[in-house]
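Reviewing the structure listed below.
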């Protein structure tokens with residue numbers, strides 16, 4: 001990365017304060033074993049006020065707004081990633097990608113886990129060492145693609161601290177086994193990409209699920225929350241798809257939604273209400289790519305929920321079939337990073353819920369990133385146009 005002039009240099013590249021989060025100091029794998037440690041920090045201005053461009057502070061701000069209404073989020077995240085051979089000297093990155101796999105990707109296959117059994121066992125040991133809420137691993141659809149299931153939590157801030165440590169741990173353990181762990185949303189053209197599905201229910205101060213009405217339909221509060229998430233989804237799409245590559249993941253049939261819609265037990269929609277016991281009624285947000293910042297992604301989800309409840313919004317009719325084929329009314333989510341930046345940078349909802357300092361900083365960083373990518377000439381362009389006309 002490099003400095004963004006409007007953020008760092010224009011104000012003299014001033015210092016700020018970082019404060020360690022109590023209880024977050026944990027051992028990590030060093031080059032010779034467990035000989036290092038890491039601690040989670042959060043950022044403040046020199047006057048002691050929160051730095052609102054810090055993703056952790058953004059999430060804290062949104063969480064506090066919900067708690068002020070007596071609403072307490074219970075959240076969970078699914079982590080998807082690929083394991084590739086580490087690139088060797090003289091080898092292109094593309095040559096390190098898997099060359100073949102079983103027809104259908106061996107989704108949920110048990111024997112497919114054997115390919116990286118030792119690595120996955122070491123990963124479980126690492127999570128235990130850091131007391132991280134690991135529940136299990138399953139094989140996903142693409143070659144060498146896995147999903148880590150993480151237990152639910154009623155503390156969104158600490159949970160996202162844990163998610164970041166899990167991502168770092170996955171990379172560290174993979175390196176020890178000569179592999180490269182990748183959270184890139186779309187590393188292979190014709191394979192499913194990596195998402196970061198989020199689950200959320202709302203509890204009252206007694207721990208009762210406010211989305212549960214005793215059957216599969218959910219409460220009116222659930223539908224208000226859904227409506228808010230849908231209304232805010234396009235404005236916050238830059239958070240869910242923060243990289244140039246992320247927009248390649250949104251293709252019909254690849255389990256990545258292309259429109260802000262919802263349905264009951266429907267994996268083709270952006271928001272899914274999973275089939276479950278009524279006590280576990282929740283929203284599954286299926287838009288974010290695996291490269292999303294977990295603090296920001298959860299903050300955007302909770303902001304949408306707050307908006308829907310605060311303004312008592314009405315949810316549209318849920319989609320019951322294939323949303324890619326049947327929903328011809330809902331405008332699509334931004335399909336290009338530039339469009340997402342434009343919507344994010346001008347959104348009053350983003351400014352109100354996630355703060356103006358964050359909106360300005362994130363816009364500046366992502367605009368610079370987009371310019372960088374759009375000035376690069378790709379191999380595909382050279383192959384296609386070098387000898388034409």
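Each value in this text was obtained by applying a stated rule to the coordinates, not by laboratory testing. Everything quoted here is computed from the prediction, not taken from an experiment. Heads up, the Cβs are rebuilt from the backbone with ideal geometry, glycines too, and the neighbour counts pull from every protein chain shown.
Here are a few things to note about the model shown:
- Estimated at 0.36 nm per residue, the fully extended path between residue 176 and residue 158 surpasses their Cα-Cα distance by 3.8 nm.
- Rg/Rh ratio calculated on Cα atoms of the range 9-385 (Kirkwood radius): 0.95
- Residues 196, 129, ranked from the fewest to the most other C-beta atoms within 10 Å, line up as 129, 196.
- Simple spin-label estimate for residue 128 and residue 311 in nanometres, 7 Å along Cα-Cβ: 4.9 nm
- Choice from 21, 309, 77 showing the highest fluctuation, given a GNM over the chain with Cα pairs closer than 10 Å: 21
- Estimated FRET transfer efficiency when R0 is 56 angstrom, pair residue 151-residue 387 (beta carbons, to 0.05): 0.50
- Mean Cα-pair separation over length for the chain, i.e. relative contact order, pairs under 8 Å, 6 or more apart, %: 18 percent
- Of the residues 262, 17, the one with the fewest other Cβ atoms within 10 Å heads the list, and the complete ranking is 17, 262.
- Fully extended contour minus Cα-Cα distance, from residue 19 to residue 36, at 0.36 nm per residue: 4.2 nm
- Ordered by the number of other Cβ atoms lying within 10 Å of each residue's own Cβ, fewest first, 375, 219 fall into the sequence 375, 219.
- Kirkwood hydrodynamic radius (C-alpha pairs) into Stokes-Einstein, the range 263-376, 20 °C and 1.002 mPa s, D in µm²/s: 131 µm²/s
- Computed from label points 7 Å out along Cα-Cβ, the spacing between residue 372 and residue 205 is 4.7 nm.
- Residue 69-residue 365 FRET efficiency (beta carbon distance; Förster radius 30 Å; 0.05 resolution): 0.45
- Rounded to the nearest 0.05, the FRET efficiency derived from the C-beta distance between residue 11 and residue 352 at R0 = 25 Å is 0.55.
- C-alpha center-to-center spacing [the range 212-247, the range 41-58] in angstrom: 26 Å
- Compared with the alpha-carbon gap, the fully stretched path from residue 44 to residue 255 is longer by 72.1 nm at 0.36 nm per residue.
- Value of [θ]222 nm, deg cm²/dmol, for the chain, DSSP H segments ≥ 4, -39500 (n - 2.57) each, nearest 500: -10000 deg cm²/dmol
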